[in-house]
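What follows is a set of notes on a single structure, which appears directly below.
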């Protein structure tokens, strides 16, 4: 992320931002803030994660940025959590715009798992 440039941002993400934003001139600012946030990210301690008392649903893909092992570790630290590891890549299970393939079907999304989790709470 230290070398991130707006020119390298995926075209679909740029287009999505411009479609959703009232002021499309903010794209560079959003890009720069996101890159800075990722560069300066501070890890969260196990104690802080253990302090989460609200039910939590941890969702990742098996080929995600976060490893399944890390997700399992977080799941074990949060007493009232559920874990879903979905086949695919980062964001694919929620329909992230850069992962949508020509044969995309909404039924491939994880909406049902999220709805079931929320219905229990």
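The values are calculated or read from the model by the stated rules, or taken from the named source; none is laboratory data. Everything quoted here is computed from the prediction, not taken from an experiment. Glycine also receives a Cβ, built like all others from the backbone with ideal geometry; neighbour counts cover every protein chain displayed.
Every residue, every condition in (1) within 25 Å of residue 95 (Cβ to Cβ); (2) touching a helix residue (DSSP H, G or I) at 6+ places or on another chain (Cβ under 9 Å), yes or no:
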{"site": "8", "(1), (2)": "yes, no"}
{"site": "14", "(1), (2)": "yes, yes"}
{"site": "20", "(1), (2)": "yes, no"}
{"site": "31", "(1), (2)": "yes, yes"}
{"site": "38", "(1), (2)": "yes, no"}
{"site": "45", "(1), (2)": "no, no"}
{"site": "52", "(1), (2)": "no, yes"}
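The residue that is modelled with the lowest pLDDT, counting only those in region 40-80 that are crowded, with 16+ Cβ neighbours inside 10 Å and not in a helix (DSSP H, G or I), is 64.
Of the residues making up region 90-121, those that are over 20 Å from residue 56 (Cβ atoms), out of contact with any strand residue (DSSP E or B) (no Cβ under 7 Å at 6 or more places or on another chain) and not in a loop (DSSP other than H, G, I, E, B) are 97, 98, 106, 107, 108.
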